[in-house]
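Q: Dropping the structure in here first, questions after.
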Amino acid sequence: MSPKLGTLDELPQDYRDAMAAAGVAPLWPMMRNVLPHVLPQPVTKPGYWNYDALRPLLHRAGELTPVEKAERRVLVLSDPGRGVGAMQATSTIYLGLQLLLPGETAPAHVHTPSAVRIMVEGQGAYTVVDGERLPMEEGDLVLTPGGEWHDHGHEGSGPVVWLDALDLPIFVYLEGSYAEEGPLQSQRNRPDASQVEYLSAGLRPARKPGAGTRRYPMMRYPWTRTEAALRQMAAHGGDPVAELDYVNPETGDDILPALGFTAMMLPEGAAEAPPLRSSSAAFHVVKGRGCTLIDGERIDWGPKDSFTAPVFADIRHEAAEESFLVRIHDRPLQEKLGYYEERAR
Ligand code: GTQ
């Protein structure tokens, strides 16, 4: 057991004043704030957002604020531990629900943070990234990596909603977050790379020696394929709870530098208790129903809902019916820092 550390009020006032005037502070009274024993003390609290409750608020934003006045018409999912208005859902993950109405376009811009969209509702929307038009169907993941121009459009009939997941909090922390605006991009008239170069897992375009590839060769991950793959894994992969990581098809790396995405299938009645992970996480329910205990707090979830878990949370999922979730996490960033860990419960 380590000795109890000295406190600020044990120090004479004249010394404290002199330190403050010199622009310094003693470490030892604050040591345990920044280096708690054994486990971090996350500010992040478990969060839950019921889609049925948010839907009318999103639609009202569509009536109240034209897209021209919003640039991106988004309701931000704020971490309960930081309070409404916090531009983050966990320490590293930003989440927002974005609404686009038929005929609208969200202007082209480019920014330093990276985003992934998970399509929640509606048909006919698309995102253009670096001239490639990416159709957005329910459950699809669409990447807009940092530094790539992107604009959104909608040629369908009803409203469309998708969930934005960004590494924005990291860029804000780095004081590295900024954007530039520009005109809508002209679109190359061809299907996206998931339908051409990377139609089939295990196949990639043959290349001449020395020919490079794009850093983000595939920017759309169609849900129909993810679901089919999960079903095969559940049937034959040996573990009834199937999980598949979204990866770059050229390198096998996680799809973004900081954030990782994992699709999960929980069969009806399945219970799943993963190890305690140093990564924070957000879960999006593509379909299904169930409940999750996060550090003992019970969250009942249904289709299109989202919920979050802090680092090292004790997470226990139970699926009331066959369920498909996408887990968003910051393992890629933590691994790059030489840090990611899992602890057995
Ligand atoms: O669609 O580009 O939720 O730039 C936040 C910032 C979405 C976007 C957000 C953004 C976007």
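Q: Would you say M87 is within 29 Å of P135 (Cα to Cα), among the hydrophobic types (A, V, I, L, M, F, W, C) and open to solvent by 70 Å² or more (accessible area, probe 1.4 Å)?
A: Against the criterion (within 29 Å of P135 (Cα to Cα), among the hydrophobic types (A, V, I, L, M, F, W, C) and open to solvent by 70 Å² or more (accessible area, probe 1.4 Å)), M87 qualifies.
Q: Related question: Could you list all residues from the stretch 296-311 that are open to solvent by 20 Å² or more (accessible area, probe 1.4 Å) and either hydrophobic (A, V, I, L, M, F, W, C) or in contact with a strand residue (DSSP E or B) (Cβ under 8 Å, 6 or more places away or on another chain) (or both)?
A: Once the filter is applied, which keeps residues that are open to solvent by 20 Å² or more (accessible area, probe 1.4 Å) and either hydrophobic (A, V, I, L, M, F, W, C) or in contact with a strand residue (DSSP E or B) (Cβ under 8 Å, 6 or more places away or on another chain) (or both), the stretch 296-311 yields R298, D300, P303, K304, V311.
Q: When G146 is evaluated against the numbered criteria (1) away from the ligand (no atom under 11 Å from the Cβ); (2) over 12 Å from the mean Cα position of the chain (by Cα); (3) open to solvent by 10 Å² or more (accessible area, probe 1.4 Å), which criterion, by number, is the only one it fails?
A: Failed condition: (1).
Q: Another question, if that's okay. Going through the stretch 122-136 one residue at a time, which ones are part of a loop (DSSP other than H, G, I, E, B) and under 21 Å from V67 (Cβ atoms)?
A: Listed by number, the residues that qualify are G122, Q123, G124.
Q: Of the residues in the stretch 167-184, how many are at pLDDT 95 or above, aliphatic (A, V, I, L, M) and surrounded by 12 or more Cβ atoms within 10 Å (Cβ to Cβ)?
A: 3
Q: I would also like to ask the following. Condition test on R117, is it within 21 Å of the chain's Cα centre (by Cα), surrounded by 16 or more Cβ atoms within 10 Å (Cβ to Cβ) and under 17 Å from A282 (Cα atoms)?
A: Taking the combined requirement at face value, the residue satisfies it.
Q: Would you call A319 surrounded by 22 or more Cβ atoms within 10 Å (Cβ to Cβ) and touching a Pro at 6+ places or on another chain (Cβ under 8 Å)?
A: yes
Q: Which one of the conditions (1) of a type in the set (D, E); (2) in contact with a helix residue (DSSP H, G or I) (Cβ under 9 Å, 6 or more places away or on another chain); (3) in contact (Cβ under 8 Å) with a residue 24 or more places away in the chain does D239 fail to meet, given that it meets all the rest?
A: (3)
Q: List every residue pair whose Cβ atoms lie under 6 Å apart, where the two residues are 6 or more positions apart in sequence or sit on different chains, the first residue falls within the stretch 315-344 and is small (G, A, S), and the second residue, located anywhere, is in a strand (DSSP E or B) and crowded, with 17+ Cβ neighbours inside 10 Å.
A: Short answer, once both residue conditions are applied: A319/L266; A319/G290; A320/G290; S323/L266; S323/G290.
Q: Next up: Test D164 against the criterion of being in contact (Cβ under 8 Å) with a residue 40 or more places away in the chain, surrounded by 19 or more Cβ atoms within 10 Å (Cβ to Cβ) and within 11 Å of the ligand (Cβ to nearest atom), and give yes or no.
A: Taking the combined requirement at face value, the residue satisfies it.
Q: So, one more: Given the criteria within 17 Å of the chain's Cα centre (by Cα), within 12 Å of the ligand (Cβ to nearest atom) and either hydrophobic (A, V, I, L, M, F, W, C) or open to solvent by 30 Å² or more (accessible area, probe 1.4 Å) (or both), does V128 qualify?
A: Spelling it out, it is not the case that V128 is within 17 Å of the chain's Cα centre (by Cα), within 12 Å of the ligand (Cβ to nearest atom) and either hydrophobic (A, V, I, L, M, F, W, C) or open to solvent by 30 Å² or more (accessible area, probe 1.4 Å) (or both).
The values are calculated or read from the model by the stated rules, or taken from the named source; none is laboratory data. Bear in mind that the values here come from a model prediction, so they are computed numbers and not experimental data. Cβ atoms come from the backbone with ideal geometry, glycine included; neighbour counts cover every protein chain shown. Ligands, DNA and RNA are stripped out before the accessible areas are found, and what is left, the full protein with its side chains, is counted by its heavy atoms. Shrake-Rupley method; radii C 1.70, N 1.55, O 1.52, S 1.80 Å.
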